[in-house]
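Below: the structure, in C-alpha cells.
The values are calculated or read from the model by the stated rules, or taken from the named source; none is laboratory data. Remember, it's a predicted structure, so these values are computed and weren't measured experimentally. Note that each Cβ is placed from the backbone with ideal geometry, even for glycine, and that neighbours are counted across all protein chains shown. These area figures cover heavy atoms from the full protein model, side chains too; ligands, DNA and RNA do not enter into them. Shrake-Rupley method; radii C 1.70, N 1.55, O 1.52, S 1.80 Å.
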Amino acid sequence: MSIRTELNSPFMIGNVLLPNRCLLAPMDGYTDSPFRRICRNFGASLNTSEFINGIDIAFGHPHLKTLTYFTEDERPFCYQIFDDNPDRLLQSALKLEQRSPDIIDINMGCSAKNVSNRGAGAGLLKQPQKIHQIASSLVDALSLPVTAKIRLGWDDSTRNYLEVAAILVDCGISAITVLARTRQQAYTGSADWDAIAEVKSSVPIPVIGNGDVLSLADAQRMREHTACDAVMIGRAAIGNPWIFSGSDRSLVTREELLNVISDHLLLMVELYTERTGTVLFRKHLSKYLSGHLPTIESRQKVFSIDNSAELMMTVKNMLLG
C-alpha cells in the first residue's frame, strides 16, 4: 500500500466524515479561503480558517468578512477561534455556528506573545479550570463537533498536555490536535512525537499530530510512531501545496508552478480586490518562487508590482523566458 493510499483512508470527527488523514493546519495570515482551496485541490482534508479573535466577532473588525469567508467546496470546513474570556468565546462560537461550518476548533496553542500573554491561545494551558469552563460550555451549547488544538505546555517545567487532554475528553471534545512543542519553544527545536503518542494512548477520541511534518513520508512516520489518527501539515505547505499529493516540490515543472501561481493569485484578487489581493499574495509568491529570484533586482521587480496581470506576465517571463 502506498503512503498516499494509506493516508487517504477516511476517518470521523464526531459526525463529520473527513476524506483523508492529511489536514491543512490553520496559520494566521496564510490559511485564508484562496490558500485552503489550492491545498484542497492537491488533497488536503479538513480546511480550517485562520484563527479568529473572539473580540473581533463581538465588536466587529474590518477584516472579519474575509476571515470568515469559505466556499462549499471547502467542506468539511472548520472555524478556529481564540479568546481569554469564556463567555465571549462562547458567544463568538454561537455566532460562527450560524454560518454553518462543520466543526469549531478552540485555539489553545498560539504562542504569539500578544495572544498567549493575555491568557488566550497557549496561555490557556496555564489555567486548566478555564479550559474546562470553555470547552464544556461550547460542547453543551453547539450542535456541531467541537475540537481543540493544544501545545505540550507553557514551558518544559509545565508540560501538562495529558492533564489538559483528559479535561477536554471529560468536556466532550470530539478531537484533539497536539502541536508537539511548548509555548516557550514556539516553532524552534524538535517536535516531541512521543508526547503525541502519549496523548493518543490516553484518550478515546481522535488525535491529530502536528509538528515537523515536511512531507507525506513524514506524515506516515508520525502516524506509525504515534498511532495518531491524522496529521496536520502547516508551514511546509506554504508555496508547496504539492505536499498533499506526495509530489516532490523539486520535480514540479515550471509550467505547473506557473499554473498554480496563476490560480492562487486569481482567487486572491476575487476575494480581496485587485490591488489588495495582489499585494497580499506576495508572501505566498516568495515561497512559490524560492530559488527563482537569485538577485536583489529580480526580487525588487516582482515584489513591487500591485497589478495581477502585470505580475503574472513578469512571473511568466521569469519562469518560461
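Take the alpha-carbon centre of segment 190-236, take the same for segment 112-132, and report the distance between them in whole Å.
Segment 190-236 and segment 112-132 have Cα centres spaced 23 Å from each other.
Tell me whether segment 234-301 comes out rounded, prolate or oblate; compute the Cα gyration tensor, take square roots of the eigenvalues as a ≥ b ≥ c, and use a/c under 1.5 as the rounded threshold.
Oblate shape, in that a/c is at least 1.5 and b/c is the bigger or equal ratio.
Convex hull volume of the Cα atoms in segment 1-76, per residue, in Å³?
98
For segment 132-277, with all protein chains present and a 1.4 Å probe, just round the carbon and sulfur fraction of the accessible area to a whole percent. Don't skip to the end; give the middle numbers.
On the way: 2820 of 5820 Å².
In segment 132-277, the share of accessible area belonging to carbon and sulfur is 48 percent.
Please give the charge dipole size of segment 182-275, origin at the Cα centre, charges +1 on K and R Cβ atoms and -1 on D and E Cβ atoms. Round to the nearest 20 debye. Walk me through the numbers before you get to the answer.
Numbers: 8 positive and 13 negative charges, 35 e Å.
Charge dipole of segment 182-275: 160 debye, to the nearest 20.
Short version: ³J(HN,Hα) in whole Hz for each residue of segment 110-115, in order, from phi by Karplus 6.51 cos²θ - 1.76 cosθ + 1.60 (θ = phi - 60°), x for Gly and Pro, what are they?
Coupling constants for segment 110-115: 5, 9, 4, 4, 5, 9 Hz.
Using the alpha-carbon atoms, what tilt in degrees (0 to 90, nearest 10) does helix 254-272 show relative to the longest principal axis of the chain?
60
How tilted is helix 193-202 with respect to the longest principal axis of the chain? Cα atoms for both, answer in degrees (0 to 90, nearest 10).
40
Going toward the positive end of the dipole of segment 130-254, with +1 on Lys and Arg Cβ and -1 on Asp and Glu Cβ, which of S250, A195, I176 do you reach last?
S250
Which order, highest average first, do 289-297, 142-150, 185-193 follow once you tally other Cβ atoms within 10 Å for each residue and take the mean per peptide?
Listed from highest to lowest mean packing, they are 142-150, 185-193, 289-297.
Dipole of the chain, Cα-centred, from +1 at each Lys and Arg C-beta and -1 at each Asp and Glu C-beta, to the nearest 20 debye?
Taking the Cα centre of the chain as origin, the dipole is about 520 debye.
Run the reach check for K301 against lysines, Cα to Cα strictly under 25 Å, same-chain hits fewer than 8 apart removed. What comes back?
Result set, ordered by chain and number: K283, K287, K316.
Taking the Cα atoms only, what angle lies between the long axis of helix 86-97 and the longest principal axis of the chain, rounded to 10 degrees?
Tilt relative to the chain: about 50 degrees.
Over 10 Å intervals from 0, what percent of Cα-Cα pairs in segment 99-154 sits in each interval?
Each 10 Å bin holds this share of Cα pairs: 25, 49, 25, 1.
Starting with the highest mean, order 171-178, 200-207 by the number of other Cβ atoms within 10 Å, averaged over the residues of each peptide.
Details: 171-178: 24.0, 200-207: 16.1.
Ranking the peptides 171-178, 200-207 by packing returns 171-178, 200-207.
What whole-number value in cubic angstrom gives the convex hull volume per residue for the C-alpha atoms of segment 177-294?
For segment 177-294, the hull spanned by Cα atoms encloses 144 Å³ per residue.
Go ahead and estimate [θ] at 222 nm for the chain from helices alone: -39,500 (n - 2.57) per DSSP H run with n ≥ 4, summed, over the residue count, rounded to 500.
Value at 222 nm, helices only, nearest 500: -12500 deg cm²/dmol.
Which value in Å is the Kirkwood Rh of segment 14-142 over different Cα pairs? Provide the component values of the computation, followed by the final result.
Working: mean 1/r = 0.0669 Å⁻¹.
Evaluated over segment 14-142, this radius sits at 14.9 Å.
Ignoring ligands, DNA and RNA, what accessible area per residue does the chain give at 1.4 Å, in Å²? Walk me through the intermediate numbers first.
On the way: 13400 Å² over 321 residues.
Counting only protein heavy atoms, the per-residue value for the chain is 42 Å².
For segment 172-321, what does the relative contact order come out to in percent, with C-alpha contacts under 8 Å and a separation of six or more?
17
Could you let me know the centre-to-centre spacing of segment 136-168 and segment 266-321, using Cα atoms, in angstrom?
40
Cα gyration tensor of segment 102-249, axes a ≥ b ≥ c as square roots of the eigenvalues: rounded (a/c below 1.5), prolate (a/b > b/c) or oblate?
Cα axes put segment 102-249 in the prolate bin.
Ranking request for peptides 72-80, 55-63: highest mean number of other beta-carbon atoms within 10 Å first, then the rest in descending order. Spell out each step's value before the answer.
On the way: 72-80: 18.9, 55-63: 13.8.
Ranking the peptides 72-80, 55-63 by packing returns 72-80, 55-63.
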